[in-house]
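Some notes on the structure that comes next.
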Amino acid sequence: MRQLLFNLYNFHEDWAYQHVAPYITPNMTVTILPFSFAANQITADNWQQFYGEQGHYYDDLTAPFKAFGIPNSAISLINYFTADPDSLSSQLLNSDIIFLTGGLPDKTMDRLKKLALKETLEQFSGLLIGSSAGAMIQLKNYHITPDADYDSFSYQEGLDLITEFAIEVHFENSAVQQASIQRVLTETTIPLLYAIEDQGGLIVDQKVTAIGSVQLFQR
């Protein structure tokens, strides 16, 4: 498996394009898991309004892949409310790219577990891309920094994929972010933390390559 970790759906922009282009080619298939939504926002009744082809988020989610030449016909957005776990697991394992969207990481993990997809993602051998929440949950253990969605700091369980480092997403060098970074480096055995700005990301492919605006903190 190769992994790309970002904050936003902007990894087709100039700062990232040349680094990402070797990993995304026009003949690939993409399965997008938009499972990071708030329960009071997305429901079974209005899912199409947000993620259908005419939906509010559709263009933003698919634009990066189209920029690398992948057509609409090769991109699937999965409806959490109607997904069949067995067929979805098969689809994921046969996809070239799986994309995990931004939003609420703990809710994403809850939904992956409810559909019995955690082990499927851990067994995936293709390209796994995540933005914000979708990047955070690629770590076996990740932390949540207090923000508009979360009142307090916490440690959470993610996918059993990355254990060598931690990340701080949407890094703006704020006091609360600095406090979280120091807490992680002090309280855990993780030696490295990458603080990723909104025009930054990580490529994990045998080694870790930081692209764009990323700061490295070490214990």
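Using the structure shown, decide if A63 is part of a loop (DSSP other than H, G, I, E, B), small (G, A, S) and touching a residue at least 24 places away in the same chain (Cβ under 8 Å).
For A63, the condition - part of a loop (DSSP other than H, G, I, E, B), small (G, A, S) and touching a residue at least 24 places away in the same chain (Cβ under 8 Å) - is not met.
Quick check on the stretch 60-74. Is at least one of its residues crowded, with 17+ Cβ neighbours inside 10 Å and over 18 Å from F11 (Cα atoms)?
Yes; the residues of the stretch 60-74 include at least one that is crowded, with 17+ Cβ neighbours inside 10 Å and over 18 Å from F11 (Cα atoms).
Any residue that is loosely packed, with under 13 Cβ neighbours inside 10 Å and small (G, A, S) - is there at least one of those in the stretch 94-105?
No.
Which of the residues spanning the stretch 84-100 are of a type in the set (V, I, T) and in contact with a helix residue (DSSP H, G or I) (Cβ under 7 Å, 6 or more places away or on another chain)?
Result: I98, single match.
Listed here are the residues, each with its yes/no results for (1) touching an Asp or Glu at 6+ places or on another chain (Cβ under 7 Å); (2) more than 14 Å from L4 (Cα to Cα); (3) surrounded by 14 or more Cβ atoms within 10 Å (Cβ to Cβ).
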site: Q156; (1), (2), (3): yes, yes, yes
site: T163; (1), (2), (3): no, yes, no
site: A175; (1), (2), (3): no, yes, no
site: Q178; (1), (2), (3): no, yes, yes
site: Q182; (1), (2), (3): no, yes, no
site: L185; (1), (2), (3): no, yes, yes
site: T189; (1), (2), (3): no, yes, no
site: V208; (1), (2), (3): no, no, yes
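If we keep just the residues of the stretch 2-50 that are in a loop (DSSP other than H, G, I, E, B) and among the acidic types (D, E), which is nearest to I129 (Cα to Cα)?
E13
May I ask you to verify whether P26 is closer than 29 Å to E197 by Cα, loosely packed, with under 13 Cβ neighbours inside 10 Å and at pLDDT 95 or above?
yes
Evaluate the following for L112: is it in a loop (DSSP other than H, G, I, E, B), surrounded by 20 or more Cβ atoms within 10 Å (Cβ to Cβ) and modelled with pLDDT of 95 or more?
Here the answer is no, as L112 does not meet what is asked.
List the strands (runs of 3 or more DSSP E) that sit entirely inside the stretch 126-219 and contain at least 1 residues that are within 19 Å of the chain's Cα centre (by Cα), modelled with pLDDT of 95 or more and under 15 Å from D106 (Cα atoms).
127-131, 141-144, 154-157
The values are calculated or read from the model by the stated rules, or taken from the named source; none is laboratory data. Keep in mind that this is a model prediction, so the values were computed, not measured. Note that each Cβ is placed from the backbone with ideal geometry, even for glycine, and that neighbours are counted across all protein chains shown.
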